[in-house]
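Novice: The structure is given below, and queries will be raised subsequently.
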């Protein structure tokens with residue numbers, strides 16, 4: 001299946017010159033959504049991972065069912081103030097400023113091996129910060145997984161030394 005045919009392109013959103021890759025059309029297509037989850041399952045079901053880490057919010061859409069299908073825990077990464085127990089926080093750079101993400105301190109343990117999943121790899125800032133949180137808890141990042149990779153933004157450079165798996169690549173806006 002060609003996922004590019006079910007991902008909607010919205011020009012000039014959120015600002016002129018940007019083409020937004022909208023996955024809502026993929027999500028409302030049961031065949032495309034199942035295909036996406038199956039591809040992630042095929043990639044990771046034989047690997048010795050112990051948890052799936054999903055980045056708020058769209059990483060939850062793919063990460064939670066993948067974790068369930070693999071029989072593994074799903075660990076959410078959230079924006080500050082959204083997790084109820086004690087957390088660890090990591091800040092990262094955005095195009096215009098900074099942002100932060102958090103994980104529960106007891107979410108992972110020494111020796112855990114995780115796949116970090118999100119819908120999109122752009123500049124790599126969020127993914128890199130997530131990897132730092134995972135490592136801070138003593139766990140190991142085995143792979144980063146994305147539905148879409150905007151390779152022209154060079155997000156892989158932030159993730160050097162790690163396996164990066166993406167289902168769809170866009171080489172330009």
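The numbers here are math on the coordinates, done by the rules we state, and not lab data. This one's a predicted model, so the numbers in the text were calculated from it and none came from an experiment.
Novice: Run through the DSSP bridge list for the chain and note the antiparallel percent, rounded to the nearest 5. Write out the running numbers ahead of the final one.
Specialist: Details: 13 of 36 bridges.
For the chain, the DSSP antiparallel bridge percentage is about 35.
Novice: Is the C-alpha gyration tensor of the stretch 59-128 telling us rounded, prolate or oblate? Criteria: a/c under 1.5 is rounded; beyond that, a/b larger than b/c is prolate, otherwise oblate.
Specialist: Details: a/c = 1.96, a/b = 1.31, b/c = 1.49.
Oblate shape, in that a/c is at least 1.5 and b/c is the bigger or equal ratio.
Novice: Over all alpha-carbon pairs in the stretch 126-173, figure out the percentage whose distance exceeds 19 Å. Mind dumping the intermediate values first?
Specialist: Working: 275 of 1128 pairs.
Everything past 19 Å amounts to 24 percent.
Novice: Cα atoms only, the chain: Rg and Dmax in Å?
Specialist: Rg and Dmax of the chain, Cα atoms, are 15.6, 45 Å.
Novice: In Å, the Kirkwood hydrodynamic radius of the stretch 6-98 over pairs of distinct alpha carbons?
Specialist: About 15.6 Å for the stretch 6-98.
Novice: Looking at the stretch 51-127 only, what percent of DSSP beta bridges run antiparallel? Nearest 5 please.
Specialist: On the way: 9 of 17 bridges.
About 55 percent, rounded to the nearest 5.
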